[in-house]
Amino acid sequence: MRAVLASKVQRVQKQGCVGVQSYGTHWPCLLPQHGPGKKHERPIVLTDWQRRILEVHPGDFLRGLFHSDGCRTANRVTTRGRHYVYPRYMFVNESADIMGLCQWGLDLLGVAWRMNRRNSLSVARRDAVATLDRHVGPKS
């Protein structure tokens with residue numbers, strides 16, 4: 001962080017992890033999506049250089065999205081008296097822009113997904129879940 005923009009970088013020991021904090025007046029130049037107000041009430045659009053990076057590393061991008069606004073759960077279904085349990089990923093976000101970026105990242109990885117509500121996306125096919133398991137992994 002210091003090499004890129006930050007005037008100050010510090011590590012803060014927390015339970016089970018280390019938090020990294022950085023201060024600098026030009027962070028908004030590097031991350032123009034950051035700003036005042038709620039994410040779903042302002043545009044979240046990638047710059048060209050950000051888009052090029054994500055096209056090469058969609059799994060890393062999806063890891064961040066699912067670790068912040070998603071989960072991996074055991075879906076329990078009963079059909080014709082038979083009980084099934086299978087893993088699935090859920091991603092929920094009020095921002096249509098962020099949801100669109102998640103869908104784009106999943107498409108780049110060839111992961112099948114579907115919208116199960118206006119603000120909720122589900123990944124449930126066995127091969128799609130396996131792909132996300134390789135890229136997203138457990139939350140730490």
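Values for this structure:
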{"quantity": "Cut-off under 5 Å, modelled amide H: who pairs with Asn75 long-range", "calculated": "Tyr86, Arg88"}
{"quantity": "The chain: angle of helix 58-69 to the longest principal axis, Cα-based, in degrees nearest 10", "calculated": "80"}
{"quantity": "Loop sites in the stretch 50-140: trypsin sites (Lys or Arg not before Pro), DSSP, at most 16 other Cβ within 10 Å", "calculated": "Arg80, Arg118, Arg125, Lys139"}
{"quantity": "Net lengthening on full extension, Arg2/Asn119 (0.36 nm per residue, minus Cα-Cα)", "calculated": "38.5 nm"}
{"quantity": "Principal-axis tilt of helix 126-135 within the chain, Cα atoms, nearest 10 degrees", "calculated": "20"}
{"quantity": "Carbon plus sulfur fraction of accessible area for the stretch 68-140, probe 1.4 Å, in percent", "calculated": "49"}
{"quantity": "Extended-chain gain in nm, criterion 0.36 nm per residue less alpha-carbon gap, Ala130 and Val77", "calculated": "17.1 nm"}
{"quantity": "Accessible surface, per residue, of the chain when the full set of protein chains is kept, probe 1.4 Å, Å²", "calculated": "69"}
{"quantity": "Which labelled figure in (i) 28, 15, 13; (ii) 31, 13, 13; (iii) 32, 18, 15 is semi-axes √(5λ) of the Cα gyration tensor in Å, once derived from the coordinates", "calculated": "(iii)"}
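The values are calculated or read from the model by the stated rules, or taken from the named source; none is laboratory data. None of the values given here were measured: they were computed from a predicted structure. So basically every Cβ, Gly included, is an ideal-geometry build from the backbone, and we count neighbours across all protein chains shown. All accessible areas refer to the heavy atoms of the entire protein, side chains included, with ligands and DNA or RNA removed. Shrake-Rupley method; radii C 1.70, N 1.55, O 1.52, S 1.80 Å.
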